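Remarks on the structure that follows.
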Amino acid sequence: MPIRLWHALLSLLIALTLTACTSSSDDEPASAPAVAVPNGTLMLAGGAAETELHAEFVRLAGGADAKIVYVPTASQSVDVDETRAYVQEMASEVGAAPENMTVLHTRDSLVADTDAFAAPLETADAVWFSGGRQWRLVDAYSETKTLEGFWSVLERGGVIGGSSAGATIQGSFLVRGDTETNTIMMGNHQEGFGFLPQSAVDQHLLARDRQYDLIPVIEAHPELLGIGIDENTAIVVQGDTARVVGESLVAFYDHRRWTQADSALERDDRFFFLEPGDRLDLRTRQELTPVAP
């Protein structure tokens, strides 16, 4: 059975078991998975990621020994040879070994659905998705062996990371996925890869004055946790814990807080910020004791 299908069936079984054996509470959605990210680590960066964030990704992946697959498919145009030269040149600056960097790119989903194309993912320790337009990743890799390969990296304890579009694609609901413009929040592509379940992830949050854009998405899909990440900032997710790293802020949009308020909330009150070192429990959606950034 393909890994991606197995993961979906396992998540469904967990949800059905929880529904049958427990009652929902005000602190936890009834359909919440047992653990947000049961294996591996996610890193979601809000765009314009600088050396320190990339170095943190490499550290999480295992350092210079890590085999890293770089996926530039979200970009408008990709020259694989030029991209390979670029990532190998930059590798040493962030603690990676140039010889362990592999570029994986196609626009053809039929190619992406072959064992030969997806083969580098069989031994990869980490995957990094570049910025661009997230719908290009969906068109190329959705329902393919390559997507199964991405999932296999995470399932065996590896790291999935990405910046801008590479962060948004990791959510379950794909915002700014319209092929016409990135200003449409709920467009003609609405399904992300779902590495971070029950989430909608936006990027370039404060740099592009986007802090209010996720509000209508969460109004329409109250089961989701909205996550807006500013530039050169990221969340690192392990298990049920999201930790903020970088230099700026991350906004969280929790519909349960809206419904529990004594009166209608102003739009500035429909999200809350966490800063580097802060942590959030993704199950209870409550802030945890901060750690040193």
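Using the Kirkwood formula over every pair of different C-alpha atoms, what hydrodynamic radius in Å results for the chain?
After inverting the pairwise mean of 1/r, the radius is 19.2 Å.
Along the range 271-281, what does the Karplus equation 6.51 cos²θ - 1.76 cosθ + 1.60 (θ = phi - 60°) give for ³J(HN,Hα), rounded to whole Hz, x for Gly and Pro?
Karplus values, whole Hz, x for Gly and Pro: 8, 9, 9, 10, 10, x, x, 6, 10, 10, 7.
Give, in nm to one decimal, the length gained when the segment between ASP269 and ASP209 is fully stretched (0.36 nm per residue of separation minus the Cα-Cα distance).
Taking ASP269 through ASP209 to full extension adds about 20.0 nm, to one decimal.
Which residues' amide hydrogens lie under 5 Å from the amide hydrogen of GLY177, considering only partners 5 or more residues apart or on another chain, with H built in the peptide plane?
Sorted by chain and number, the residues that satisfy this are GLY187, HIS189.
Karplus couplings for the range 61-71 from phi (6.51 cos²θ - 1.76 cosθ + 1.60, θ = phi - 60°), rounded to Hz, Gly and Pro as x?
6, x, x, 5, 7, 6, 8, 10, 9, 9, 10
Under a 10 Å cutoff between Cα atoms, tell me which one of ILE218, ILE235, ILE68 has the largest fluctuation in the Gaussian network model of the chain.
Its mean-square fluctuation being the largest, the pick is ILE218.
What is the spin-label model distance, in nm, from ASN188 to ALA116 if the labels are put 7 Å beyond Cα along the C-beta direction?
The modelled label-to-label distance comes out at 3.2 nm.
Under a 5 Å amide H to amide H cut-off, with H placed in plane at 1.01 Å, what residues pair with THR73 once short-range neighbours are removed?
SER130
On a 0 to 90° scale, report how tilted helix 80-91 is relative to the longest principal axis of the chain, with both axes built from alpha carbons and the result rounded to the nearest 10.
70
Using the 2.2 N^0.38 Å rule of thumb for compact globular proteins, work out how the range 37-178 stacks up: its C-alpha Rg over that value, please.
In units of the globular-protein estimate, the range 37-178 measures up at 0.94.
Give the Rg (one decimal place) followed by the Dmax (whole number) of the range 161-215, computed from C-alpha coordinates and expressed in Å.
Expressed in Å, the Cα Rg and Dmax of the range 161-215 come to 10.4, 26.
Hey, got the Cα dimensions of the range 104-204 along the principal axes, in Å, largest first?
37, 27, 20
Take every Cα pair under 8 Å in the chain that's 6+ residues apart, average their separations, divide by the length, and report that relative contact order as a whole percent. Could you put the intermediate results ahead of the total?
Details: 678 pairs, mean separation 57.5, N = 293.
Relative contact order here is 20 percent.
Could you tell me what a quarter of the Cα convex hull surface of the range 164-251 works out to, in nm² with one decimal place? Display every interim value, and only then the final one.
Numbers: hull surface 21.1 nm².
Computing the convex hull of the Cα atoms and averaging its projections yields 5.3 nm².
Enumerate the calculated ³J(HN,Hα) couplings along the range 38-50 in order (Karplus 6.51 cos²θ - 1.76 cosθ + 1.60, θ = phi - 60°), each rounded to whole Hz, writing x wherever the residue is Gly or Pro.
Working through the residues one at a time gives x, 9, x, 9, 10, 9, 10, 9, x, x, 6, 6, 9 Hz.
Relative to the first principal axis of the alpha-carbon coordinates of the chain, what is the inclination of helix 145-155, with its axis defined by its Cα atoms, in degrees from 0 to 90 and to the nearest 10?
For helix 145-155, the angle is close to 70 degrees.
Give the Rg (one decimal place) followed by the Dmax (whole number) of the range 140-293, computed from C-alpha coordinates and expressed in Å.
15.2, 49
Counting only residues 5 or more places away or on other chains, whose amide H sits under 5 Å from the amide H of THR233 once H atoms are built in the peptide plane?
For THR233, the qualifying residues are GLY46, GLY47, GLU247.
Just so you know, all these numbers are worked out from the coordinates, no wet-lab data involved. Because the structure is predicted, anything quoted here is derived from the model rather than measured. All Cβ positions, even for glycine, are placed from backbone atoms using ideal geometry, and neighbour counts span all protein chains on display.
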